[in-house]
Amino acid sequence: MPVTRGFTRRDRSDPRLPPGQYNTGDGWPVLSYEPTPRLDTATWTFTIDGLVERTQTWSWADLHKMPPSTYQGAIHCVTTWSKFDMTFDGVSVDTLLDLASPRPEATFVMARSHTGYTTNLSLSDVTGGKAWVAWAIDGKPLPVEHGGPARLLVPHLYFWKSAKWVSGLTLMDHDEPGLWERSGYHDRGDPWLEQRYQGD
Ligand SMILES: Nc1nc2c(c(=O)[nH]1)N[C@H]1C(S)=C(S)[C@@H](COP(=O)(O)O)O[C@H]1N2
Ligand SMILES: [Mo]
């Protein structure tokens, strides 16, 4: 019997795949460190604080009054799955930061979740049309296991930077590791440079 290895092995030939990634296809794996919280949009808030001129807090309704923005493309998890042709709706982090007005010394942000999850990013990785607070996928509300009602979306970095159940961003004048970064994950996490773990 001929062995058809190609059918059992994961296809890594798609040029849209960063090194070491495979296409997970139609499924969307759920990866959560903490139990899934049930957040009520009636009391939900998103806050930008730290080194800003004006600390800003948006309610669910306030956030939906902001000009909407869509991301269409891929996401890449450090556990090696990538998923293509995702359509997320939300608001650009640029739009929110404009209102808070970062101080000149702000260079990093800590993203926070309502659950206590944290992840660090440079300010330049969440500005310039590269990051969103996203509440819908393919036109439907973001499922709670995927971070609903809203999650951070930073698709050019590994997906652990995209904090589910996001509660806000704190602007800082220095870098500080978040939850996974303290446990050995790479500080920045660029999938094209395969920055999975510290030292990569
Ligand atoms: N609050 C929170 N956000 C999180 C995580 C988490 O454990 N808690 N895991 C991260 C990781 S490692 C990945 S791959 C993605 C998974 O998102 P998904 O479950 O929607 O696929 O969420 C990221 N954001
Ligand atoms: Mo991940």
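Couple of notes before you dig in:
- Relative contact order computed over the chain (Cα-Cα under 8 Å; 6+ residues apart), in percent: 22
- Two-site FRET efficiency, Thr70 against Leu99, from Cβ-Cβ distance with R₀ of 25 Å, rounded to 0.05: 0.80
- Each Cα pair under 8 Å and six or more residues apart adds its separation to the average, and for region 112-200 the resulting relative contact order is 31 percent.
- Label point at Trp28 placed 7 Å out along Cα→Cβ; residues across region 56-77 whose backbone nitrogen lies under 12 Å: 73, 75
- Placing R0 at 22 angstrom, the Cβ-Cβ distance between Glu194 and Thr79 gives a FRET efficiency of 0.95 after rounding to 0.05.
- In this label model, Ser183 and Lys140 are separated by 2.9 nm, measuring between points 7 Å along each Cα→Cβ vector.
- Euclidean distance between Cα centres, region 9-54 to region 150-200, Å: 11
Here, each number is a calculation from the coordinates, and none is a lab measurement. Everything quoted here is computed from the prediction, not taken from an experiment. We place every Cβ from the backbone using ideal geometry, glycine too, and count neighbours over all the protein chains shown.
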